[in-house]
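The values are calculated or read from the model by the stated rules, or taken from the named source; none is laboratory data. Keep in mind the model is a prediction, meaning the values are calculated, not measured. As a convention, Cβ positions derive from the backbone with ideal geometry for all residues, glycine included, and neighbour counts pool all protein chains shown. Just the protein is used for accessible areas: all its heavy atoms, side chains included, with ligands, DNA and RNA removed. Shrake-Rupley method; radii C 1.70, N 1.55, O 1.52, S 1.80 Å.
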Amino acid sequence: HQEVDPLESQLPAVAKLAREPKYGNRILYFETKAPNSGSLAWNTSYRVRRQEVRGLRGQDGKTRLSDEQRRRFLAANRRVPLEGPPSQLLKGLQTTSDPLSLARSLYERVDDHVRYDKSRPGYGQGDVRWVCDSRFGNCTDFHSLFISLARMQKLPARFEIGFPLPPQRGKGVIGGYHCWALFHTAQQGWVPVDISEADKHPELKEYYFGNLTENRVTFTIGRDIELVPRQDGDLLNFFIYPYVEVNGTTWPQEKVDKRFTFRDL
């Protein structure tokens, strides 16, 4: 539902473009020596053509999962378990053999259980056990819980993360990331849900089950990301911001000055 073309890049070294095998994410990598100033700057730009996603119309119906993909999107991640506290949320859930009805029940259950709230610390890690207890969080927390519940019910589900754009055309600065989830059925293929947006905008709750607005850009898929080349640090919880290592040690994100902008053509 989007086409991405690279434009100008200003990098301090020759870069390589690789594709990690688990999810197919493309990764731009370079390595260089730090200058005497101790500061290193780079930027990249892309042209993106994005379409609205109408998942319930079967736009993605030709997408079939291989056995390997099905196992991957039914398996646990480090912070997305298939047992423990999230299983308590399945109690009393009306079970059904229809995957769309099942997904809708899980969509409602997550929206009922979690409140969109970034006023207190702890949110944003997509830690399902944490959000079950806290009952608040951001988009990462909402959709990690949905994915956990879906996979427990043998409904393949995946995590996507990118950047939101304002509905008004123009240009400006993007404040931070946004993420959503998709579940898979044999009839519709991948069907999106955006529960955190539905929680913030109840008047759009029906829309955000099965549809995504065009004003977003997908960057990567999946959790527990192994980069190419393999990072010396731990697997990435998710991959949206630049990942930096210095002398084989992960460089703290708070020391990376990030700025993201857009301009409609």
field: First in region 96-117 and small (Gly, Ala, Ser), second anywhere and surrounded by fewer than 18 Cβ atoms within 10 Å (Cβ to Cβ) and modelled with pLDDT of 95 or more, Cβ under 9 Å, 6 or more apart
entry: none
Failed item, numbered, when Asp133 is tested on (1) open to solvent by 50 Å² or more (accessible area, probe 1.4 Å); (2) more than 23 Å from Leu212 (Cβ to Cβ); (3) outside any helix (DSSP H, G or I): (3)
message: For Glu20, only one of the following conditions fails: (1) touching a residue at least 60 places away in the same chain (Cβ under 8 Å); (2) under 21 Å from Asp264 (Cβ atoms). What is its number?
response: (2)
- line: Exception for Gly233 within (1) closer than 23 Å to Leu40 by Cα; (2) open to solvent by 30 Å² or more (accessible area, probe 1.4 Å); (3) part of a loop (DSSP other than H, G, I, E, B); (4) not hydrophobic (A, V, I, L, M, F, W, C) falls at (2)
- line: Exactly one of Val228, Val173, Val191 is part of a loop (DSSP other than H, G, I, E, B) and at pLDDT 95 or above, and that one is Val228
message: Against the definition (over 22 Å from Asn215 (Cα atoms) and either open to solvent by 10 Å² or more (accessible area, probe 1.4 Å) or in contact with a strand residue (DSSP E or B) (Cβ under 9 Å, 6 or more places away or on another chain) (or both)), how does Ser144 come out, yes or no?
response: no
- prompt: What about Leu227, is it open to solvent by 10 Å² or more (accessible area, probe 1.4 Å), in contact (Cβ under 8 Å) with a residue 60 or more places away in the chain and either under 20 Å from Tyr23 (Cα atoms) or not β-branched (Val, Ile, Thr) (or both)?
  reply: yes
